[in-house]
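Right, one structure below, let's go through it.
The values are calculated or read from the model by the stated rules, or taken from the named source; none is laboratory data. Owing to the predicted nature of the structure, the values given are computational and were not obtained by experimental measurement. Here the Cβ positions follow ideal geometry from the backbone for every residue, glycine too, while neighbour counts run over all protein chains shown.
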Amino acid sequence: MSKIPNEITGKVYVLGDNVDTDQIIPAEYLTFNPAIPEEYKQFGKYALSSVPPAQSGLPKGNIPFHTDDEFVSPYTFIVAGKNFGCGSSREHAPVALDAAGIKVVIAEFYARIFFRNSVNGGYLVPFECSERLCDKVCTGDELKLDVLNCKLHNLTTKEIYPLNPLGEIAPILNAGGIFAYAKQVGMLKS
Amino acid sequence: MPAMTLTEKILAKHAKTDFVEPGQNIWIDVDILMTHDVCGPGTIGVFKKHFGKAAKVWDPKKIVIIPDHYIFTADKMANRNVDVLREFSKEQNLPYYYDVGTESYKGVCHIALPEEGHTRPGEVLLGTDSHTCTAGAFGEFATGIGNTDAGFVMGTGNLWLKVPPTMRFIFEGTLPPYLMAKDLILAVIGDIGCDGATYKAMEFDGPGVFALNMEERMTLCNMVIEAGGKNGVIAPDKVTLDFIDSKNKHKVPYTPVYTDPGAKFIYEKVYDISKLQPVVAKPHSPDNKAFVSEVKGTKLDRAYIGSCTGGKMTDFRAAAKIMHGHTVKIDTFVVPATTEVARGLKSEKMHGKTLEQIFLDAGAKMGEASCAACLGGPSDTFGRLNQAIRCISTTNRNFPGRMGHKEAEVFLASPLTVAASAITGMITDPREYLA
Ligand code: SF4
């Protein structure tokens, strides 16, 4: 059974290039253990808390991801530029975005470990787009993602953007992460 | 069989096949899995969730646990995380757990791994830390992974990986005394950008590399992740093998692997290192390259010498050479990467003084072996940038907030450049202090 819904709608939060894992979840919060559900929630509260204000919520900037005491943001999508998730290997980064309510990230491309962690942990769907969407979409726009056809509708501007197919990661995402996938392909006993 | 690069050959061997090519997805056998206090508790959580509360790890001798990140702090959560590692190591009878507060405590994992004989040519080392790539200096495939992947490896000893294409960087010429491996890798990252090697292996080759000692080779491989690299690697030579054999107290057999003649590289660049100048990375990205000559005179508030990149004996020898007989003008923090390095600072002498004495006499503050302020950490962390100040550092990352305050500015540089800058309080060319 597919773990990714066919259609996802919601508001978008826009970021720029090279948003690294220290900006996504600063090191001082890594003392929470994501394996403990109560502590998992905490990561949502501190997600994106080290993005410099001018880069937060583009194109205008200075739009906080959520207020300081909220655990979940009002956003479902993140649209970003190049090399999203570069820096450390901390899985706390996709965890933080998941805990904050993000379902899909759309970037030009990702840093390798963030991408792997997102897919293998089954936290969020990392789509890529050949167009530079972070210059076209505005924070707060309402988006609708047609997952099967890899099409992103901007309901606010009525524009439609094609996304790159998920390719080899689709079976892992559809299985729900590396453990379920490994069982499907016989690398792990059920 | 078509020619393969060193990285491809190691991966083929660990996938139990004769040939792999870039882009192929393979399942590999893992030789060593390393984790630490920041990602270990999460990894253990994933392992227990999927394999059961009473599950046993796939091979206790192949798991190495090194607490190093948040050690000398009053933070309760941080200390709780070390307790999780301690209990798990006890429960699983793990022989290679380097516990805090004991004789076996080490400090920064990437430096501790080779010191304790856990790095060997031809092997696959995976670690829950992006700088696991450091161990590529020993001619092995080493890369960082997340908690979920590590939990999977912990239970199975396997993982799927995509075979990366290899970029080759050839260093010709002799390294002048005012340059270090840190200048070379900052130059490379500046040239290819912080995404220039995304999903790729970076192999370092040429006489300029093989003239470096092991610690300097580790510095090169350590920072490949700052260019997005999957792994960095250097073919093993006599220097490597002598080092490995001196540390391999567990007498684990290993087989060195070398790039085949005619192997395909996706990119190649030759540097004449004799012509390079000292390099820094300006705030807020490791690829924001400038020559020291372009930014010299920039006023600083703090200097930091430490981390897996710049906290090894070679780094402190370089810094001491410059600082000897001088006083620092700004707050200067010196943090040995491991307890072995800390002992070296107390025993090794220069001009009749121990290196530690040279630093203390210059007015620097000495910290205890750990990651310390390299990644900020809890607010009471030694050397952490708690205000929006400007720091020059021998560490590897200068993204916003990396060393603490999100408006602090961090310049990355070699230990020579950082030491010279500490003396003057502004960015300074080390040549001014090298006779
Ligand atoms: S010293 Fe810095 S870069 Fe190295 S492992 Fe520790 S936190 Fe990471």
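Out of everything in region B:151-178 that is out of contact with any Asp or Glu (no Cβ under 9 Å at 6 or more places or on another chain) and buried (at least 22 other Cβ atoms within 10 Å of the Cβ), what residue ends up being nearest to the other protein chains (Cβ to nearest Cβ)?
B:152
Taking region A:90-140 on its own, how many of its residues are assigned to a helix (DSSP H, G or I), away from chain B (no Cβ under 12 Å), farther than 20 Å from residue A:50 by Cα and within 13 Å of the chain's Cα centre (by Cα)?
0
Residue B:422 versus (1) within 30 Å of residue B:117 (Cα to Cα); (2) surrounded by 18 or more Cβ atoms within 10 Å (Cβ to Cβ); (3) away from every other protein chain (no Cβ under 14 Å); (4) of a type in the set (A, V, I, L, M, F, W, C): which is the lone unmet condition?
The number of the failed condition is (1).
Return the residues of region B:399-410 that are more than 10 Å from chain A (Cβ to nearest Cβ) and either within 20 Å of the chain's Cα centre (by Cα) or not in a loop (DSSP other than H, G, I, E, B) (or both); say none if nothing qualifies.
Passing the criteria: B:409, B:410.
Quick one: in region B:103-134, of everything that is closer than 18 Å to residue A:88 by Cα and more than 12 Å from the ligand (Cβ to nearest atom), which residue is surrounded by the most Cβ atoms within 10 Å (Cβ to Cβ)?
If we take residues in region B:103-134 being closer than 18 Å to residue A:88 by Cα and more than 12 Å from the ligand (Cβ to nearest atom), then B:125 is surrounded by the most Cβ atoms within 10 Å (Cβ to Cβ).
Given the residues B:289, B:312, B:282, B:238, which is the only one that is surrounded by fewer than 19 Cβ atoms within 10 Å (Cβ to Cβ) and of a type in the set (Lys, Arg)?
Of the residues listed, the single one that is surrounded by fewer than 19 Cβ atoms within 10 Å (Cβ to Cβ) and of a type in the set (Lys, Arg) is B:238.
Being away from the ligand (no atom under 16 Å from the Cβ) and in contact (Cβ under 8 Å) with a residue 40 or more places away in the chain is the filter here; which residues of region B:304-318 pass it?
B:318
List pairs: first in region B:83-110 and in the same structural domain as residue B:338 (by TED's automatic domain parsing), second surrounded by 21 or more Cβ atoms within 10 Å (Cβ to Cβ) and of a type in the set (Lys, Arg), Cβ under 9 Å, 6+ apart or cross-chain?
Partner pairs satisfying both residue conditions: none exist.
Considering region A:25-43 alone, what residues qualify as being assigned to a helix (DSSP H, G or I) and either within 14 Å of the ligand (Cβ to nearest atom) or in contact with an Asp or Glu (Cβ under 9 Å, 6 or more places away or on another chain) (or both)?
The answer is A:27, A:28, A:40, A:43.
Being modelled with pLDDT of 95 or more and part of a loop (DSSP other than H, G, I, E, B) is the filter here; which residues of region A:1-24 pass it?
A:15, A:16, A:17, A:18, A:19, listed by residue number.
Enumerate the pairs (first residue in region B:355-372 and on the phi < 0 side of the Ramachandran plot and within 16 Å of the ligand (Cβ to nearest atom); second residue anywhere and of a type in the set (A, V, I, L, M) and not in a loop (DSSP other than H, G, I, E, B)) with beta-carbon separation below 6 Å, excluding pairs fewer than 6 apart on the same chain, so at least 6 apart or on different chains.
Short answer, once both residue conditions are applied: B:369/B:342.
For region A:9-46, name all the residues that are more than 16 Å from the chain's Cα centre (by Cα), within 27 Å of residue B:283 (Cα to Cα) and at the interface with another protein chain (Cβ under 9 Å from one of its Cβ atoms).
Of everything in region A:9-46, those that are more than 16 Å from the chain's Cα centre (by Cα), within 27 Å of residue B:283 (Cα to Cα) and at the interface with another protein chain (Cβ under 9 Å from one of its Cβ atoms) turn out to be A:26, A:27, A:28, A:30, A:31.
Answer yes if at least one residue in region A:67-82 is touching a Pro at 6+ places or on another chain (Cβ under 8 Å) and either of a type in the set (Lys, Arg) or in a loop (DSSP other than H, G, I, E, B) (or both), and no otherwise.
No; the residues of region A:67-82 include none that is touching a Pro at 6+ places or on another chain (Cβ under 8 Å) and either of a type in the set (Lys, Arg) or in a loop (DSSP other than H, G, I, E, B) (or both).
Pull out all pairs, ordered by first then second residue, where Cβ-Cβ is under 7 Å, the residues are six or more apart or on different chains, the first lies in region B:60-74 and is within 22 Å of residue B:155 (Cβ to Cβ) and outside any loop (DSSP other than H, G, I, E, B), and the second is among the charged types (D, E, K, R) and within 11 Å of the ligand (Cβ to nearest atom).
Once the first residue is within 22 Å of residue B:155 (Cβ to Cβ) and outside any loop (DSSP other than H, G, I, E, B) and sits in region B:60-74, no partner that is among the charged types (D, E, K, R) and within 11 Å of the ligand (Cβ to nearest atom) comes close enough.
Of the numbered conditions (1) within 9 Å of another protein chain (Cβ to nearest Cβ); (2) over 28 Å from residue B:215 (Cβ atoms); (3) of a type outside the set (Gly, Ala, Ser), residue B:60 fails exactly one; give the number of that condition.
With respect to (1) within 9 Å of another protein chain (Cβ to nearest Cβ); (2) over 28 Å from residue B:215 (Cβ atoms); (3) of a type outside the set (Gly, Ala, Ser), residue B:60 is out only on (1).
With the checklist (1) surrounded by fewer than 24 Cβ atoms within 10 Å (Cβ to Cβ); (2) within 23 Å of residue B:75 (Cα to Cα); (3) of a type in the set (Gly, Ala, Ser) in hand, flag the one item residue B:344 doesn't pass.
(2)
For region B:336-351, does any single residue satisfy the condition of being within 14 Å of chain A (Cβ to nearest Cβ) and either over 17 Å from the mean Cα position of the chain (by Cα) or within 12 Å of the ligand (Cβ to nearest atom) (or both)?
No, there is no match, as no residue in region B:336-351 is within 14 Å of chain A (Cβ to nearest Cβ) and either over 17 Å from the mean Cα position of the chain (by Cα) or within 12 Å of the ligand (Cβ to nearest atom) (or both).
Given the conditions (1) over 18 Å from residue B:370 (Cβ atoms); (2) of a type in the set (S, T, N, Q); (3) within 16 Å of the ligand (Cβ to nearest atom), and given that residue B:158 satisfies all but one, which numbered condition is not satisfied?
(3)
Restricting the first residue to region B:276-297 and requiring it to be within 16 Å of residue B:415 (Cα to Cα), which pairs with a second residue that is outside any loop (DSSP other than H, G, I, E, B) and among the aromatic types (Phe, Trp, Tyr) meet a Cβ separation below 8 Å and a spacing of at least six or different chains?
Close Cβ pairs satisfying both conditions: B:277/B:291; B:278/B:291; B:279/B:291; B:280/B:291; B:280/B:411; B:281/B:411; B:282/B:411.
Consider region B:373-409. How many of its residues are within 12 Å of the ligand (Cβ to nearest atom), of a type in the set (Val, Ile, Thr) and either touching a strand residue (DSSP E or B) at 6+ places or on another chain (Cβ under 7 Å) or assigned by TED's automatic domain parsing to the domain that holds residue B:78 (or both)?
Residues flagged as within 12 Å of the ligand (Cβ to nearest atom), of a type in the set (Val, Ile, Thr) and either touching a strand residue (DSSP E or B) at 6+ places or on another chain (Cβ under 7 Å) or assigned by TED's automatic domain parsing to the domain that holds residue B:78 (or both) within region B:373-409 amount to 2.
Within the group B:43, B:17, which residue is within 16 Å of the ligand (Cβ to nearest atom), over 20 Å from the mean Cα position of the chain (by Cα) and outside any strand (DSSP E or B)?
Answer to the selection: B:43.
Which one of B:338, B:327 is in contact (Cβ under 8 Å) with a residue 12 or more places away in the chain and exposed (fewer than 15 other Cβ atoms within 10 Å of the Cβ)?
Only one candidate passes the filter, namely B:327.
Scan B:204, B:141 and give me the residue that is closer than 23 Å to residue B:291 by Cα, more than 16 Å from the ligand (Cβ to nearest atom) and either within 14 Å of chain A (Cβ to nearest Cβ) or under 18 Å from the mean Cα position of the chain (by Cα) (or both).
Only one candidate qualifies: B:204.
Could you list, in sequence order, all residues of region A:130-160 that are without any contact (Cβ under 8 Å) to a residue 24 or more places away in the chain and not hydrophobic (A, V, I, L, M, F, W, C)?
A:149, A:151, A:153, A:154, A:156, A:157, A:158, A:159
Determine, yes or no, whether residue B:328 is away from the ligand (no atom under 16 Å from the Cβ) and either aliphatic (A, V, I, L, M) or within 30 Å of residue B:103 (Cβ to Cβ) (or both).
So residue B:328 passes the test.
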